[in-house]
Amino acid sequence: MKTVIVGGGVVGLCSAYYLSRSGAEVVVIDGDPARQASCSDGNAGMVVPSHFVPLAAPGVISQGLKWMLNPKSPFYLRPRPDLNLMKWCWLFMRHSNEAHVKSCEHLLRDLSLESRRLFVDLAKEEDFELVQKGLLMLCASEAGLEEEAEVAEHANRLGIEAEVCDLDRLKELEPGVELAVKGGVWFGQDCHLNPSIFLAKLREAVVREGGEFIEGRVSHYLRDKGTISGVQLRDGVKVKGDKLVLAGGVEAPALMKEFGLKLPMQGGKGYSLTLKEPRKALQLCSLLKEGRVAVTPMGDQLRVAGTMEICGEDLSLNKRRIAGILESFVQFYPEFSKEDFEGVEPWSGLRPCTPDGLPYLGKLEKEPNVVVAAGHSMVGLSLGPVTGQIVSRLVSGEDPEFDLHQLRSERFG
Ligand SMILES: Cc1cc2nc3c(=O)[nH]c(=O)nc-3n(C[C@H](O)[C@H](O)[C@H](O)COP(=O)(O)OP(=O)(O)OC[C@H]3O[C@@H](n4cnc5c(N)ncnc54)[C@H](O)[C@@H]3O)c2cc1C
């Protein structure tokens with residue numbers, strides 16, 4: 001049995017990894033070997049059981065509207081006459097409420113914790129560093145700290161470790177680093193890693209297990225007596241396979257058209273900048289509450305990432321928003337300066353954002369040998385291993401061991 005995986009980002013590669021480890025023959029097809037369109041390399045590298053609240057949550061819309069007025073803010077939605085965007089916004093608004101958060105917090109928690117466990121196992125087998133020191137949610141204002149203290153309480157109720165920290169406790173956790181904050185929350189189970197190294201190790205492991213990589217863009221599917229039997233690439237090459245995994249990230253909707261399914265999805269553009277020789281070494285990764293900026297030490301380097309621009313498939317750089325990321329960073333970490341980033345080339349990537357903040361994961365109802373794995377928004381790296389394991393089980397006809405009903409690709413009709 002051969003499985004064709006479309007998409008070589010973290011979701012496609014984790015799927016290839018677990019499938020090939022289970023003895024399946026796999027071929028991964030990606031149209032972008034330079035990985036310029038993929039979202040998986042330049043991200044903040046955080047593994048985050050702390051993220052049990054989906055993107056669509058109460059308060060997000062009012063905050064987003066306020067941010068729309070500030071050109072340096074971490075959020076922007078580019079208004080445009082596009083029916084897909086309008087439908088996505090309408091669905092997003094419908095899901096931004098307490099009931100939705102409640103309905104998916106257990107599933108997100110279970111997926112995240114299982115994925116974290118898999119990361120720990122993976123780090124024992126493959127040669128990449130997983131730093132298991134937790135994540136700091138840093139708050140520059142008392143109001144921000146109060147909000148995060150509530151999140152911490154919620155997390156603890158769900159069985160996720162979270163500790164509200166005063167300045168002394170922050171000093172213990174991140175010694176010798178000046179933090180201009182009122183306090184923070186330490187999520188002890190969160191981890192971080194360098195995503196490019198992780199992806200490279202997955203690729204090596206897949207090749208070691210006999211997996212194949214093909215460069216090309218899938219244009220349509222092949223059928224044999226009505227059943228999917230492979231894919232055809234734009235250059236005419238046919239790749240045969242009994243099972244198909246669609247892991248196309250933000251481009252997943254185009255891959256679904258032939259099945260008559262309209263997947264609501266929007267690209268959520270974000271940027272990262274990596275300092276090769278930061279003036280100070282940090283131990284922990286952090287999220288800067290008021291600026292929505294992520295800061296991650298990656299070996300000797302330091303990556304700063306942020307913004308969410310709902311902007312279609314446009315990867316261009318918005319200098320003012322990038323300046324906004326750096327201003328937040330130096331405000332929270334005053335030992336750094338914006339000038340440290342002179343000459344640093346920003347990276348941009350499109351998070352595959354669904355309107356309810358949950359991925360599309362599972363077999364297609366009308367095509368049982370097609371598995372969809374896409375739309376992981378802000379947590380695609382974090383949920384990569386558990387997604388790969390579920391895909392592998394589904395392809396092999398095993399029980400996925402999670403109730404995937406809420407993640408059906410058909411849920412929006
Ligand atoms: C600034 C930023 C910071 C982030 N930080 C984190 C973080 O700390 N932790 C976390 O968990 N997540 C983070 N994310 C989100 C995470 O990066 C994404 O959720 C994840 O990378 C999505 O992976 P993917 O494999 O689904 O998609 P991609 O990585 O985008 O891969 C999809 C691939 O499919 C290929 N493809 C699509 N269509 C076709 C076709 N027709 N034929 C062939 N190939 C095709 C594309 O070329 C692409 O390479 C961040 C994102 C951003 C932008």
> So, of the residues in region 277-293 that are in contact (Cβ under 8 Å) with a residue 40 or more places away in the chain and away from the ligand (no atom under 14 Å from the Cβ), which turns out to be farthest from PRO195 (Cα to Cα)?
Replying inline: GLU290
>> Any residue at all in region 310-322 that's in contact with a helix residue (DSSP H, G or I) (Cβ under 9 Å, 6 or more places away or on another chain), over 26 Å from GLY9 (Cβ atoms) and assigned to a loop (DSSP other than H, G, I, E, B)?
In response: no
> Mind checking which residues of region 29-60 are near the ligand (Cβ under 9 Å from one of its atoms) and not in a loop (DSSP other than H, G, I, E, B)?
Replying inline: ILE29, ASP30, MET46, VAL47
>> Cβ contacts < 7 Å: first residue farther than 23 Å from LEU135 by Cβ, restricted to region 379-401; second residue of a type in the set (S, T, N, Q) and in a loop (DSSP other than H, G, I, E, B), any location; separation 6+ or different chain. Result?
In response: SER392/SER22; SER396/SER22
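From THR296, THR307, which residue is β-branched (Val, Ile, Thr), within 14 Å of the ligand (Cβ to nearest atom), assigned to a strand (DSSP E or B) and within 26 Å of ASP82 (Cβ to Cβ)?
Selected residue: THR307, the only one of THR296, THR307 that is β-branched (Val, Ile, Thr), within 14 Å of the ligand (Cβ to nearest atom), assigned to a strand (DSSP E or B) and within 26 Å of ASP82 (Cβ to Cβ).
So that you can scan it fast, the table gives a plain yes or no per residue for (1) part of a loop (DSSP other than H, G, I, E, B); (2) within 11 Å of the ligand (Cβ to nearest atom); (3) crowded, with 22+ Cβ neighbours inside 10 Å:
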position	(1), (2), (3)
SER229	no, no, no
GLY236	yes, no, no
VAL250	no, yes, yes
ALA254	no, yes, no
LEU261	yes, no, no
GLY268	no, yes, yes
> buried (at least 20 other Cβ atoms within 10 Å of the Cβ) and either over 23 Å from THR387 (Cα atoms) or free of Cβ contacts under 8 Å to residues at least 12 places away in the same chain (or both): does that describe CYS191?
Replying inline: no
>> I want to confirm something. Restricting to region 1-16 and keeping residues that are of a type in the set (A, V, I, L, M) and more than 8 Å from the ligand (Cβ to nearest atom), which single residue is farthest from GLY241 (Cα to Cα)?
In response: ALA16
>> Filter region 327-368 down to the residues that are surrounded by 24 or more Cβ atoms within 10 Å (Cβ to Cβ), within 15 Å of the ligand (Cβ to nearest atom) and over 25 Å from LYS87 (Cα atoms) and list them by number.
In response: PHE329
> Quick check: anything in region 75-85 within 15 Å of the ligand (Cβ to nearest atom) and among the acidic types (Asp, Glu)?
Replying inline: no
> Could you give every pair whose Cβ atoms fall below 8 Å, whose first residue belongs to region 211-225 and is in the same structural domain as SER20 (by TED's automatic domain parsing) and touching a residue at least 24 places away in the same chain (Cβ under 8 Å), and whose second residue is part of a loop (DSSP other than H, G, I, E, B) and β-branched (Val, Ile, Thr), counting only separations of at least 6 or pairs across chains?
Replying inline: ILE214/VAL237; GLY216/VAL237
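So which residues in region 323-350 are acidic (Asp, Glu) and part of a loop (DSSP other than H, G, I, E, B), if there are any at all?
GLU335, GLU342, GLU345
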> Looking at this structure, is GLY413 modelled with pLDDT of 95 or more and not in a strand (DSSP E or B)?
Replying inline: no
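The values are calculated or read from the model by the stated rules, or taken from the named source; none is laboratory data. Small disclaimer: the values here were computed from a predicted structure and weren't measured. Note that each Cβ is placed from the backbone with ideal geometry, even for glycine, and that neighbours are counted across all protein chains shown.
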